[in-house]
Amino acid sequence: MPKEGSEPCSGLPHGLPASDRPLWETMTELQRSKASSRLRAITEWQAGLMPLAEALRISGLSRTRFYTVAAQFRASPTLGSLGALVGSGAARPRLDPDAVNALQKVVSGVVANNRGTSISGLVRLMVEAAQVDETRLPGSTKLRRIVEAELRRVDATGEAGHALKMDFTAINLPQADSRPHIMFALLDEGTRIILGASVEPVPALVAGYRSAARNARERLADLHDLRWSDRLMRAEITVDENKQLAALLRSLVVEGGVHASVQFAPTRYGRYIRRLVGERFGRIEITPLRTMKGEAVPDNGEMRPWSPEAAAGALNQAVDEHNRQVLAELGPMQGRSVMPDDLAQLIEILSTTPDLD
C-alpha cells in the first residue's frame, strides 16, 4: 500500500479482493490514489495504528462520512465501498437527481420489508415503488449500488456494539420526598438493546453510569444471541454541563486504550432513551423535564414512594421485557458472537470510574 505522497501503486492494493482487479485496472490515477489513501486510513485506524485525526486527514473525509465509509468497508471490503469511483473525467450520462432522490426515498422500506430477496429482485421492487419513468432511471449499475449501499447500512447498524448511547432521565416512580427516581442507561444503537440500567436518587452522573455499567456486565450472559460488530465505532454520553466528568471520562477512555470516538452530549435528558426505547417500556415511563427539579409524575397520580430496591426491581423487569421483545424481533442472528473489545473495555472503565473529588 503506498505511503502518503508516493505515486499510486499500479497493482491492486493488499486488502482488496482479487475480483476487484478488473475494476482497478479501469480506474484513473486520481481514483486509485483516493482509494489507496482511504484504504490505508481505514485499515490502520481500525487496527489502532492511526489516530482518528490523522485518518480523517489522509482519507480526505469528514468525521461522519469517514465512519460511514469505514462501516461500509467493514461490511463489504471492496473498492466500491471506499467511495473513490468518482472524478474520472470520463464522459458518462448525467443522472437525473429527482429520479435518484425518488429511488433513495423508497429503498429503505423496500429492503426492510423484503430481506432475503436477491439484489436484482430488490432493484425491481425499488423501481416499482419509486414509480419513476423508465427513461429517467439511472443505469443498472447505479440501481444496484443504491440497493447495496442500503444493505450495507442496515447490516452495519443492525450489529450490536457498533455504537453506544449513554443517557439519563427522571422516571415515573416517586421517592419519599416526592422527587422522581433517576434512570441511567447504556443503550446499543444498532439493535435498541438496553445493555445496562440503574436507578439513583439524584442525577449523580458518576454513580449512575457506574451502576448502569455494572448492570451491563451482569446482563452479558443473556445477550449471547446477538450478532456483534467487530469494533465499537462511537459512543455518545449525556453529561449535562459537567465538564469535570467529561474530562475524567475522556482521560480514562484514552488511558484504557478505547479507540472509538467518544462524544459528550449537552443537556437533553432522555433523548437517546426516547429514540431507541420509547417513552414507556413496561412499568417505566420517562419524564425528562423532571430530571433536575420538580415532583415525580406517577401513574394515576399515585405518590406512594418506591424504595430504591423496589424501583431497581421494576426497572430491571422492564429492561428484561424490552430486551426479550427486541431479540424476538431480530430473530436468529449469525455472525460474530463476542462483544467488541473496545466496548467491553469501555464498560469496564465505566464500572470502575472513581468519584469526583
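Computed from the coordinates by the stated procedures, all read-outs in this text should not be read as laboratory data. Since we're looking at a predicted model, the values are computed, not measured. Note that each Cβ is placed from the backbone with ideal geometry, even for glycine, and that neighbours are counted across all protein chains shown.
Ordered by the count of other Cβ atoms within 10 Å of each Cβ, fewest first, Leu56, Leu186 give Leu56, Leu186. Note: relative contact order over region 97-157, using C-alpha pairs below 8 Å and six or more positions apart, is 46 percent. What the phi angles of region 310-318 give under the Karplus curve with 6.51, -1.76 and 1.60, with θ = phi - 60°, is a coupling list of 5, 5, 5, x, 5, 5, 4, 5, 5 Hz, glycine and proline written as x.
Between Lys142 and Ala310, residue separation times 0.36 nm minus the direct Cα-Cα distance comes to 54.8 nm.
Taking every Cα-Cα distance in region 208-357 and sorting them into 5 Å bins starting at zero, the pair-distance distribution P(r) comes out as 1, 8, 13, 19, 20, 18, 12, 6, 2, 0 percent. The length gained on full extension between Arg271 and Gln104, counted as 0.36 nm times the residue separation minus their Cα-Cα distance, comes to 57.4 nm. Ranking Asn172, His322, Ile119 by Cα position along the charge dipole of the chain, where only Lys, Arg, Asp and Glu carry charges on their C-beta atoms, puts Ile119 farthest toward the positive end. The Kirkwood radius of region 97-157, taken over pairs of alpha-carbon atoms, gives through the Stokes-Einstein law at 10 °C and 1.306 mPa s a diffusion coefficient of 140 µm² s⁻¹. For the chain, the 222 nm mean residue ellipticity estimated from helices alone, with every DSSP H stretch of n ≥ 4 adding -39500 (n - 2.57) and the total spread over all residues, rounds to -14500 deg cm²/dmol.
Once the mean of 1/r is taken over each pair of separate Cα atoms and inverted, region 18-82 shows a Kirkwood hydrodynamic radius of 12.0 Å. The charge dipole of region 163-351, taken about the Cα centre with unit charges on the Cβ atoms of Lys, Arg (+1) and Asp, Glu (-1), comes to about 340 debye, rounded to the nearest 20.
Short-range pairs are left out: with C-alpha atoms under 8 Å and at least six residues apart, the relative contact order of region 18-82 is 31 percent.
The simple Förster model, with R0 at 22 Å and r as the Cβ-Cβ distance, assigns Glu321 and Asp230 a FRET efficiency of 0.15.
Working from the pairwise distances between different alpha carbons, so that the mean of 1/r is found and then inverted, what is the chain's Kirkwood radius in Å?
The Cα-based Kirkwood calculation yields 22.7 Å.
Is there a pair in Lys105/Lys243; Lys34/Lys165; Lys34/Lys243; Lys243/Lys293 whose C-alpha atoms are over 28 Å apart, and which pairs would that be? As for pairs spanning more than 28 Å Cα to Cα, those are Lys105/Lys243; Lys34/Lys165; Lys34/Lys243.
Couplings for region 346-351, taken from phi via the Karplus curve 6.51 cos²θ - 1.76 cosθ + 1.60 with θ = phi - 60°, read 5, 4, 5, 4, 5, 6 Hz in order; Gly and Pro are left as x. Charges were assigned to the Cβ only: +1 to each Lys and Arg, -1 to each Asp and Glu. The resulting dipole of the chain about its Cα centre is roughly 980 debye. Of the peptides 301-307, 232-238, the order by per-residue mean of other Cβ atoms within 10 Å, starting with the highest, comes out as 232-238, 301-307. Under the criterion of Cα pairs below 8 Å and six or more residues apart, the relative contact order for the chain equals 17 percent. The slack between Leu220 and Leu30, meaning 0.36 nm per residue of separation minus the straight C-alpha distance, is 63.7 nm.
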